[in-house]
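Colleague: Quick one: this structure, given as structure tokens, is what I'll be asking you about.
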Amino acid sequence: MPVSESDLEVLSKAWHHLPANIALDSFASDAEQGLTAAAVHQAKEKYGPNELTQQASRPLWMLFLLQFNQPLLYILLATGAVKAALQDWVDAGVIWGVTVINAIIGFIQESKAESAIAALASSVETEATVIREGQKQRVASPDLVPGDVVLLTSGDKVPADLRLLHTKSLQVNESALTGESVAVEKQADIEPLPEDAPLGDRLNMAYAGSFATFGQGRGVVVATGNATETGRISKLMQEHSALVTPLTRKFDQLSRTLLYVILALAAFTFVAGQVHADDWTEPFDAAVALAVSAIPEGLPAVVTITLAIGVGRMASRNAIVRKLPAVETLGSATVICSDKTGTLTENQMTVQVVQAGGHHYALTGEGYAPEGELLGPEDETLSTPTDLPVALQHCLMAGLLCNDSQLEYKERRWEVVGDPTEGALIVSAKKAGLTLDQLAPDYPRQDSIPFESEFQYMATLHQLPAGAGLSSGADSTPERIIYVKGSVEALLPRCAQTLAADGQLVPLEAEKVHREVEHFASQGMRVLAFGCKLTSQAQVNHDDLKTDLVFLGLQGMIDPPRPDAVSAVQACQTAGVQVKMITGDHKTTATAIAK
């Protein structure tokens, strides 16, 4: 049963602009108890299943016949009919053959486009943990209804649009909706946002199709199915409008002009022939012959074949063109506006430089594939842990051990399960020969402090093996080590010393570190700082990290440009087409990528 207009209006409210309790009250839900079984049944009858519905598909024969409904083909069909009437079967066969080939190509391309739309519908299907009648339940996402209270943890796909009720260091990757690869930190208790706030700034919402990369959260479902933001995208993709391109406009104008001229000449020929002929048939045959000869049947055939070749070439590069004339508009483009993340860049964070022990180390390779080299100050390759200076080793270990994400190899590609930034730190350590499987037995985690926006850092406590290569300072018998990673602003004031390349403690020059950070930022890098502290305590808390941290170094990462994007931009500029980059990133990062 379709959702009524009044119900759809409720689902379409600007929930980010309203307090969370309004969302709960609107669907008669409770943050702790959720919905009752009766309320779930009633809501399901009212709003339907939580899935994207598509327009009724046309029969294949109709989809094929619609390929002939193009201005370019009208002239070909009419010309072929006239040729057949004059029993010029060879020309008629060639002309009609062109139209049929065009229809087959268009049919195949449109079928691919419809398949892409259908794939979007399955992108939001998952399982969700909900609270109903005070009990946790695991349900399929199509069974969710507005008012359901959903629990989110790291790695969960968001099953519907949620107004967040509670968050604990929750970070959500919304790249499918916003194009930004960096996860967004959500805040349930933030003041209601402006009604016209962009989707990427709605920090109190989690949208269907995105996924949690870190932390935990709880939210109430406020939109399902086609009413979600993903549903609106699906609806836009299914909307059809009359296709008008520069080429079709010119052909329409040419067709009308030719029609008027040909009819005028044919009429004049017929009238002039009647003056000198005794029978009307001979002047009529002459007028028809003139009309047929004046029709440029070769022109639409050549244009149609040319466009068909263009569609084929686009398809070979995984670009789907639904309508044949649309391919011509690419030749009329003067400006291309391109998104940055995932279009001009790889959408994969990559550590490119490490600063530790007063030295810079470069890393080669891109993306999450642990393939590349760690190069020293003299461009020497550091491929094993024994090659690493103590400061560099512990800086990389801090990024690897103070980490809640995983790197997995799926379907012939490396993927990060968790936060993309943490994934980049795992890869940088692997390029130096450090892996969690090797370190975990010697440095078992015993406690941790998860990342919180209030503190801007994460910390983990590990057992310290003998011969770790660290100076103990005042503590002569340390048993454990705390690794900390976070923003430079959060960590640097807590540090008084830094680790030299050989592992000795030396005074920290904070201004020098800030200069390093500014230098990395000017190259478009996101910079994380790392520190450690030796201790004998069996637990770690925020008070332990207020002072006496040892600064280990910095790791600068960037979402690298796609290799083929460079040549594509160059080709556009050579052809006189301007390329504009559109991004929500910081101006410094955008400038570095653009350069």
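The values are calculated or read from the model by the stated rules, or taken from the named source; none is laboratory data. These numbers were taken from a predicted model, which means no experiment stands behind them. Every residue, glycine as well, gets a Cβ built from its backbone with ideal geometry; the counts of neighbours run over all protein chains shown. Heads up: the accessible areas ignore ligands, DNA and RNA and are worked out on the full protein's heavy atoms, side chains in. Shrake-Rupley method; radii C 1.70, N 1.55, O 1.52, S 1.80 Å.
Colleague: Quick check on my filter: what residues within region 360-388 are within 30 Å of the chain's Cα centre (by Cα) and either modelled with pLDDT under 90 or under 16 Å from residue 560 (Cα atoms) (or both)? So that I can check it myself, show each step before the final result.
Modeller: Initially, region 360-388 is screened for residues within 30 Å of the chain's Cα centre (by Cα), giving 362-374.
Of everything in region 360-388, those that are within 30 Å of the chain's Cα centre (by Cα) and either modelled with pLDDT under 90 or under 16 Å from residue 560 (Cα atoms) (or both) turn out to be 362, 363, 364, 365, 366, 367, 368, 369, 370, 371, 372.
Colleague: For region 17-56, give me the residue count where each residue is touching a Pro at 6+ places or on another chain (Cβ under 7 Å) and not hydrophobic (A, V, I, L, M, F, W, C).
Modeller: Total satisfying the criteria: 6.
Colleague: Among 400, 392, 470, 436, which is touching a His at 6+ places or on another chain (Cβ under 8 Å), surrounded by 14 or more Cβ atoms within 10 Å (Cβ to Cβ) and modelled with pLDDT of 90 or more?
Modeller: That would be 392, the only listed residue that is touching a His at 6+ places or on another chain (Cβ under 8 Å), surrounded by 14 or more Cβ atoms within 10 Å (Cβ to Cβ) and modelled with pLDDT of 90 or more.
For (1) in a helix (DSSP H, G or I); (2) open to solvent by less than 80 Å² (accessible area, probe 1.4 Å); (3) of a type in the set (Asp, Glu), each residue gets a yes or a no:
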site	(1), (2), (3)
490	yes, yes, no
498	no, yes, no
503	no, yes, no
514	yes, yes, no
519	yes, no, no
528	no, yes, no
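Colleague: Also: Take residue 248 and decide whether it is open to solvent by less than 40 Å² (accessible area, probe 1.4 Å), assigned to a helix (DSSP H, G or I) and either modelled with pLDDT of 85 or more or in contact with a Phe, Trp or Tyr (Cβ under 8 Å, 6 or more places away or on another chain) (or both).
Modeller: no
Colleague: Scanning region 138-173 for residues that are surrounded by fewer than 24 Cβ atoms within 10 Å (Cβ to Cβ) and among the acidic types (Asp, Glu), which turns out nearest to the chain's Cα centre (by Cα)?
Modeller: Only one residue tops the list, namely 156.
Colleague: Assess whether residue 57 counts as being closer than 22 Å to residue 162 by Cα and either modelled with pLDDT of 70 or more or assigned to a loop (DSSP other than H, G, I, E, B) (or both).
Modeller: Here the answer is no, as residue 57 does not meet what is asked.
Colleague: Out of region 403-424, which residues are of a type in the set (Asp, Glu), surrounded by fewer than 21 Cβ atoms within 10 Å (Cβ to Cβ) and within 24 Å of residue 382 (Cβ to Cβ)?
Modeller: In the first step, residues of region 403-424 are kept if they are of a type in the set (Asp, Glu); the result is 404, 408, 411, 415, 419, 422.
Cutting the leftovers down to surrounded by fewer than 21 Cβ atoms within 10 Å (Cβ to Cβ) gives us 404, 408, 411, 415.
If the condition is that a residue be of a type in the set (Asp, Glu), surrounded by fewer than 21 Cβ atoms within 10 Å (Cβ to Cβ) and within 24 Å of residue 382 (Cβ to Cβ), then no residue fits.
Colleague: Among the listed residues 581, 557, which satisfies the condition of being within 30 Å of residue 331 (Cα to Cα) and in contact with a helix residue (DSSP H, G or I) (Cβ under 7 Å, 6 or more places away or on another chain)?
Modeller: Exactly one of 581, 557 is within 30 Å of residue 331 (Cα to Cα) and in contact with a helix residue (DSSP H, G or I) (Cβ under 7 Å, 6 or more places away or on another chain), namely 581.
Colleague: I want to confirm something. Restricting to region 198-216 and keeping residues that are open to solvent by less than 10 Å² (accessible area, probe 1.4 Å) and in contact (Cβ under 8 Å) with a residue 60 or more places away in the chain, which single residue is nearest to residue 145 (Cα to Cα)?
Modeller: The qualifying residue nearest to residue 145 (Cα to Cα) is 208.
Colleague: Residues being open to solvent by 70 Å² or more (accessible area, probe 1.4 Å), in a helix (DSSP H, G or I) and among the polar types (S, T, N, Q): count how many of those fall in region 538-595.
Modeller: Result for region 538-595: 3.
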